[in-house]
Amino acid sequence: MSTETEAAPAPVPPAKEPERRSGLPSWAVQGLVSLSAIVLALLVGAILIIVGDEQVQKAVGYFGAAPMDTVSAALSAVGEAYKSLAVGALGGWTPISESLTQATPLICGGLAVSLAFRTGLFNIGAQGQLIAGAILASYVGFAWHLPPVLHLVLAIVAGLVGGAIWGGVVGLLKARTGAHEVIVTIMLNYVAIYLLAWLLTTKTFQRPGRTDPISPIVDNNAQYPKFGDTRLHLGFVLALVAAVFVWWLLNRSTIGFELRAVGANADASRTAGMSVGRAYVIAMVVAGALAGLAGTQQVLGTDLPLTDGVAASVGFDAITVALLGRGTPLGTVLAGLLFGALNAGGLQMQLITQTPLTLTTVLQAVIVLFVAAPALVRSIFRFLPKERGAGAVLAKGWNG
Amino acid sequence: MHLELSGLTKSFGSLVANDHIDLVIEPGEIHCLLGENGAGKSTLMNMLYGLLQPDSGEIVIDGEKVQITSPSDAIKHGIGMVHQHFMLVPVFTVAENIMLGRENTWAAGVLDRKKAHALVTELSDRYGFEVDPEALVEDIPVGVQQRVEIIKALTNDARVLILDEPTAVLTPAEIDELIGVMRRLKENGTSIVFITHKLKEVKAIADKITVIRRGKVVGQAEPSASEEELAELMVGRAVDLVVDKDPADPQDAVLRVEGLTVIDERGFTAVDDVDLEVRAGEILAVAGVQGNGQTELAEALLGLTPIAAGTISLDGRDLTGRTTRQRLDAGIGYVPEDRWHDGFVESFSVAENLVLDLFRKPPFGNGLTLHTDEIEKNAEARVEEFDIRTQGVDDPLSSLSGGNQQKVVLARELSRPLKLLVASQPTRGVDVGSIEFLHQRIVKERDNGTAVLIVSTELDEIAALADRVAVMYRGKVVGVVPADTPRDELGLMMAGASKSEAHDVAIENPTTLGTI
């Protein structure tokens with residue numbers, strides 16, 4: 001009967017309920033949580049492999065007679081799959097270069113999402129920004145004919161500008177009208193996707209003599225130089241440079257101070273005389289440019305012609321990369337490398353063990369799921385201390 | 001009901017919030033729990049109300065040991081609590097709010113409104129609450145809302161009522177009414193635990209006073225104890241309650257506000273045609289009950305709220321239409337009212353928060369890069385100067401206690417040359433020991449020739465700091481009076497009386513608090 005007060009928990013004043021703090025620095029704690037998430041994801045993946053494996057299914061058929069057969073079949077299925085995954089990702093220079101190649105646009109896209117995160121914006125639009133960048137970069141790449149170096153530089157700049165415009169619009173709309181960036185970026189993704197599809201049917205973009213949506217190949221001069229005879233290209237180095245730049249911007253520049261402040265507490269920032277709208281615009285312009293950079297890496301580094309599949313799912317994977325990377329540049333690089341390795345290794349795993357490539361997608365998703373629910377991971381791994389700061393903010397996600 | 005807490009202990013990590021607390025509450029007694037913010041009062045009451053579980057110790061009611069694991073347990077045992085923030089549904093009537101959670105229904109689930117109505121009327125009559133059961137909660141004044149909360153507790157047959165800082169939101173007149181209500185409850189045998197840090201109120205109504213400091217009971221006191229004695233018990237050292245200040249030496253007007261009108265988001269006129277003048281070297285206090293436009297006035301001065309009409313000028317320079325940053329740069333320092341919301345960034349380090357509005361300019365930045373060494377050095381100096389208790393300047397601000405977080409805000413604002421300091425509720429949530437220090441700093445700033453505008457709802461604070469007092473009521477300044485105006489008069493003006501009316505009425509009807 002008298003339950004009214006139950007539903008009314010005390011408005012706990014900014015209670016100083018000190019959290020369980022370990023002696024570990026927060027980055028170490030976050031690393032531990034991420035590592036635990038990866039371990040858990042591999043376990044979940046193992047179950048999927050076992051369930052889907054034919055040998056195991058056969059062995060289960062006579063489980064009563066020889067139970068150890070099932071166990072050994074399960075173990076070998078998991079072992080084979082993960083071994084080929086590891087070999088495909090890290091087993092030699094070629095696999096490693098392939099992992100790095102796959103990681104390159106993920107890192108830049110991830111940085112685009114991370115930077116926006118830190119400013120309190122949920123940038124779902126890396127996909128559209130990447131496409132916008134790829135369109136401009138490829139146009140400069142195949143339509144113009146310029147000397148070496150200059151051509152590449154201009155093509156990259158074009159990509160940055162394309163992304164920056166696509167992102168900047170979001171920041172501007174948010175600052176001026178309060179339009180929610182999640183809605184705007186999602187819609188702009190569609191606009192970019194269909195704009196690309198349409199452009200590839202126009203005379204300007206479609207390769208002469210072709211009826212399918214594909215552009216001419218970008219000039220040699222406008223391509224990222226490759227390392228040896230691998231697919232790895234200079235864009236990877238630019239991705240690392242971009243990460244260092246984002247670190248500097250966030251932690252060592254006055255603009256970054258403002259971005260972080262706005263991201264952490266917009267009201268306090270406004271009270272301290274900062275322009276919240278300006279911060280949103282700057283963050284989205286830079287984030288867009290970073291995604292645009294990822295676009296150049298696709299079109300000037302790996303794909304070479306522009307197609308309607310230029311972005312693949314990089315712009316969306318970038319969100320998971322940023323989540324796993326906790327919105328920090330270093331974390332994003334590491335997460336990008338992990339995802340790149342999983343992508344590269346997954347191909348190999350599919351070839352050798354017939355384990356579908358989609359398993360790596362499941363692994364990536366499960367990793368992020370566990371990272372986004374730190375409390376869940378902590379309840380499984382009891383030894384993990386509670387974390388504070390940026391990571392926890394990301395887990396909460398959608399802030400208006 | 002005889003309630004006994006013995007050896008109650010609760011710790012959070014390494015912090016012992018309550019350390020073997022013993023407390024006896026006799027039937028029909030008003031027991032004041034006095035202590036600074038963070039002393040452990042709320043933790044203790046939350047344990048009593050079942051919101052927290054003690055690590056050790058026991059709760060004994062009428063000689064019987066009880067376990068209280070949830071608020072509904074507490075209610076079952078006759079313990080009621082009125083929180084500082086009310087738990088009412090604004091669009092429901094008083095009776096509906098009382099019904100909430102234990103709706104009596106006729107057949108087929110039709111609500112029995114009559115019963116709730118009758119209950120409210122009966123309790124209201126018995127204790128003189130003067131509550132209309134059919135009024136919408138959002139339409140009735142805060143003081144009456146509080147009485148609705150009390151009725152809610154009483155309908156649960158509460159025999160011990162916990163009132164958590166009940167006077168924070170009330171006008172002096174409403175506080176007086178509340179004291180009356182508490183006395184009537186007491187006559188009917190209800191015990192009251194009254195949590196507060198305001199010494200005057202304690203003296204006015206307590207039967208017994210228990211003082212808590214740093215999680216421990218440090219002493220019992222009689223209501224006849226002087227304020228100084230109580231403060232000393234609370235803080236642990238002698239406290240100077242009177243700010244040592246020379247008479248003001250006001251110079252030219254620095255801040256001039258003319259015809260300022262602010263329309264708030266809901267379309268109400270929050271600030272209504274206000275004229276004000278603050279001169280260099282004086283402290284003007286804006287007094288008023290929470291929600292009478294003071295907050296909006298301060299925000300309008302800083303450009304945080306758009307103004308509908310009027311002008312604001314600083315040193316003859318028109319600031320109307322300038323951005324917040326331009327106003328800060330023009331020499332306004334601002335301590336916002338809701339510091340947890342507007343004053344700092346919790347996840348930022350102490351050092352970063354200390355330059356939150358200074359980081360762009362030398363020595364902290366050059367427009368492009370931050371000079372982290374300088375930011376660090378500045379932080380070390382401020383921490384030293386303002387005695388900010390922190391493990392290190394790189395620790396996040398969230399690791400500091402509330403009082404220290406506030407010191408960070410004030411330290412930041414006072415660390416640059418100012419023409420005008422605007423401070424809203426500068427010591428709200430700060431312990432008595434820090435209040436003393438912060439008040440001295442504000443007076444020192446005044447003596448340096450800064451114009452100071454304080455917004456405060458606490459008459460004690462106004463009496464301590466102000467050189468002149470502007471009283472606001474419903475967005476208007478009802479009068480600007482000298483600082484030595486009697487409390488009762490100020491109280492009446494805060495309820496809307498004009499200067500002369502207030503003077504006459506105050507002499508005829510002195511209030512409980514005003515006469516202490």
Handout entry: Answer residue from region B:310-337, given it is away from chain A (no Cβ under 12 Å) and in a strand (DSSP E or B) and is surrounded by the most Cβ atoms within 10 Å (Cβ to Cβ) among those
Key = B:I312
Practice task
Please work out if B:A108 is more than 11 Å from chain A (Cβ to nearest Cβ), outside any loop (DSSP other than H, G, I, E, B), on the phi > 0 side of the Ramachandran plot and at pLDDT below 85.
Solution key: yes
Problem - Flag if A:L300 is more than 14 Å from chain B (Cβ to nearest Cβ) and modelled with pLDDT of 95 or more - result: yes
Handout entry: Selection within region B:338-358 - surrounded by fewer than 21 Cβ atoms within 10 Å (Cβ to Cβ) and either modelled with pLDDT of 90 or more or within 8 Å of chain A (Cβ to nearest Cβ) (or both)
Key = B:W340, B:H341, B:E346, B:S347, B:S349, B:L358
Handout entry: Complete set of residues in region B:133-166 that are over 23 Å from the mean Cα position of the chain (by Cα) and of a type in the set (D, E)
Key = B:E134, B:D157
Practice task
State whether the residues of region A:263-278 include one that is farther than 23 Å from A:T361 by Cβ, surrounded by fewer than 24 Cβ atoms within 10 Å (Cβ to Cβ) and touching a His at 6+ places or on another chain (Cβ under 6 Å).
Solution key: yes
Completion exercise
Being in contact with an Asp or Glu (Cβ under 9 Å, 6 or more places away or on another chain) and assigned to a helix (DSSP H, G or I) narrows A:A103, A:A164, A:A158, A:A134 down to just A:A134
Exercise for the section: Evaluate the following for B:P71: is it in contact with a Phe, Trp or Tyr (Cβ under 7 Å, 6 or more places away or on another chain) and either in contact (Cβ under 8 Å) with a residue 24 or more places away in the chain or in the same structural domain as B:L154 (by TED's automatic domain parsing) (or both)? Expected result: yes
Exercise for the section: Answer yes if at least one residue in region A:237-258 is surrounded by fewer than 24 Cβ atoms within 10 Å (Cβ to Cβ), facing chain B (nearest Cβ under 10 Å) and assigned to a strand (DSSP E or B), and no otherwise. Expected result: yes
Exercise for the section: Return yes or no: is B:I179 crowded, with 21+ Cβ neighbours inside 10 Å and β-branched (V, I, T)? Expected result: no
Practice task
Report whether or not A:E17 is closer than 30 Å to B:E149 by Cα, within 14 Å of chain B (Cβ to nearest Cβ), in contact with a Phe, Trp or Tyr (Cβ under 6 Å, 6 or more places away or on another chain) and at pLDDT below 85.
Solution key: yes
Problem - Tally, over region B:367-402, of residues that are in contact with a helix residue (DSSP H, G or I) (Cβ under 8 Å, 6 or more places away or on another chain), assigned to a loop (DSSP other than H, G, I, E, B) and over 25 Å from B:F437 (Cβ atoms) - result: 2
Problem - The one condition in (1) closer than 12 Å to B:T311 by Cα; (2) touching a His at 6+ places or on another chain (Cβ under 7 Å) that B:L260 fails to fulfil - result: (2)
Handout entry: Only listed residue being acidic (D, E) and assigned to a helix (DSSP H, G or I), chosen from A:D267, A:D212, A:D229
Key = A:D267
Practice task
Please work out if A:T332 is without any contact (Cβ under 8 Å) to a residue 60 or more places away in the chain and within 9 Å of the chain's Cα centre (by Cα).
Solution key: no
Completion exercise
A:K203 passes all but one of the listed conditions (1) more than 14 Å from every other protein chain (Cβ to nearest Cβ); (2) surrounded by 17 or more Cβ atoms within 10 Å (Cβ to Cβ); the exception is number (2)
Practice task
Quick one: A:A318 ticks every box in (1) at pLDDT below 90; (2) part of a helix (DSSP H, G or I) except a single one, so which number is it?
Solution key: (1)
Handout entry: Qualifying positions in region B:11-58 - facing another protein chain (nearest Cβ under 10 Å) and outside any loop (DSSP other than H, G, I, E, B)
Key = B:S11, B:F12, B:L15, B:A17, B:S42, B:T43, B:M45, B:N46
Practice task
Determine whether B:V455 is hydrophobic (A, V, I, L, M, F, W, C) and either outside any helix (DSSP H, G or I) or within 17 Å of B:Q294 (Cβ to Cβ) (or both).
Solution key: yes
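The values are calculated or read from the model by the stated rules, or taken from the named source; none is laboratory data. Just so you know, these numbers come straight off a predicted model, no measurement behind them. Cβ atoms come from the backbone with ideal geometry, glycine included; neighbour counts cover every protein chain shown.
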